[in-house]
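**Q** Have a look at this one.
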Amino acid sequence: MEQKGILMVLSGFSGAGKGTLVKALLKKYGNYALSISMTTRAPREGEQNGVEYFFTDKKHFEETIKQNGLIEYAPYCGNYYGTPRAYVEEQMAAGKNVILEIELQGALKIKEKFPESLLIFVTPPSAEELRRRLEKRGTESPEVIARRLARAAEESEGVEAYDYIVVNDDLDVCVEEIHRLVEAARRAPVRQREFINEIRKELKSFVKGVE
Ligand code: 5GP
């Protein structure tokens, strides 16, 4: 069967551990590619342009929207975030499972534009654990943490829009679970259209041969 990559969205509350999960997934398996988003948020300490994000200003971000350079974008806690189109298209064409690490509004737009995408929501085991992880990160002010918790409460209302929810308690277990979900999703007929059409065409040609 043809092994075509899929477009997958990984969302989760800020502090759910998505970044660490994605890194582990990329390290363990060769058939994933991570899309690097564009944002108007300021880099956190240690973040580099072109690694975690493409950091830019509002003017350039809005120009990129106008040029149809983003497959989706959304405002989040006072900043813009968006997914650059070119990389996603290239990697999908190369057969990779492309990971978009984006929030709810972006995820909904992706599902609308690409119904065959796979939407996975990652959550810590509890709300208390989420708060603990956010505080432990130590890179954000109490005000920002409070805003992110408020946003998490909002986002929790949208979880049903996702195909799957996974709990990130043990990192290795969670990575395996996500990988298994992706592998299973790839075998759904809606994500194997080309393969199915090929078989149909061949079968029809056999039928013609015996008529
Ligand atoms: P952070 O500021 O913590 O890096 O990201 C804030 C939120 O923006 C996270 O939920 C993250 O998944 C989301 N995000 C990152 N990149 C994108 C993007 O390209 N589009 C959308 N819609 N959300 C994004």
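The values are calculated or read from the model by the stated rules, or taken from the named source; none is laboratory data. The structure displayed is predicted, hence computed values, not measured ones. Methodologically, a virtual Cβ is constructed for each residue, glycine included, from the backbone with ideal geometry; neighbour enumeration extends over all protein chains shown. All accessible areas refer to the heavy atoms of the entire protein, side chains included, with ligands and DNA or RNA removed. Shrake-Rupley method; radii C 1.70, N 1.55, O 1.52, S 1.80 Å.
**Q** Taking residue 156 and the conditions (1) surrounded by 19 or more Cβ atoms within 10 Å (Cβ to Cβ); (2) closer than 30 Å to residue 45 by Cβ; (3) assigned by TED's automatic domain parsing to the domain that holds residue 26, which numbered condition does it fall short on, given that it satisfies the others?
**A** (1)
**Q** Still on this structure, please answer the following. Of all the residues that make up segment 49-78, how many are of a type outside the set (A, V, I, L, M, F, W, C), at pLDDT 95 or above, within 20 Å of the chain's Cα centre (by Cα) and open to solvent by 70 Å² or more (accessible area, probe 1.4 Å)?
**A** Number of matching residues: 3.
**Q** Now a separate question. Identify, by number, the condition in (1) under 11 Å from the mean Cα position of the chain (by Cα); (2) more than 15 Å from the ligand (Cβ to nearest atom) that residue 24 doesn't meet.
**A** All conditions are met except number (1).
**Q** Pairs under 8 Å by beta carbon, first residue not assigned by TED's automatic domain parsing to the domain that holds residue 22 in segment 43-62, partner open to solvent by 60 Å² or more (accessible area, probe 1.4 Å) and away from the ligand (no atom under 13 Å from the Cβ), six or more apart or different chains?
**A** 43/49; 55/49
**Q** State the number of residues belonging to segment 50-93 that are closer than 29 Å to residue 154 by Cα and either within 13 Å of the ligand (Cβ to nearest atom) or not in a helix (DSSP H, G or I) (or both).
**A** 29
**Q** Here's something else I'd like to know. Return the residues of segment 1-30 that are closer than 30 Å to residue 200 by Cβ and surrounded by fewer than 16 Cβ atoms within 10 Å (Cβ to Cβ); say none if nothing qualifies.
**A** Selection gives 1, 2, 3.
**Q** Looking at segment 31-40 only, could you name the residues that are open to solvent by less than 20 Å² (accessible area, probe 1.4 Å) and under 10 Å from the mean Cα position of the chain (by Cα)?
**A** 35
**Q** I need the full set of residues from segment 105-115 which are near the ligand (Cβ under 8 Å from one of its atoms) and open to solvent by 30 Å² or more (accessible area, probe 1.4 Å), in order please.
**A** If the condition is that a residue be near the ligand (Cβ under 8 Å from one of its atoms) and open to solvent by 30 Å² or more (accessible area, probe 1.4 Å), then 105, 109 are the ones that fit.
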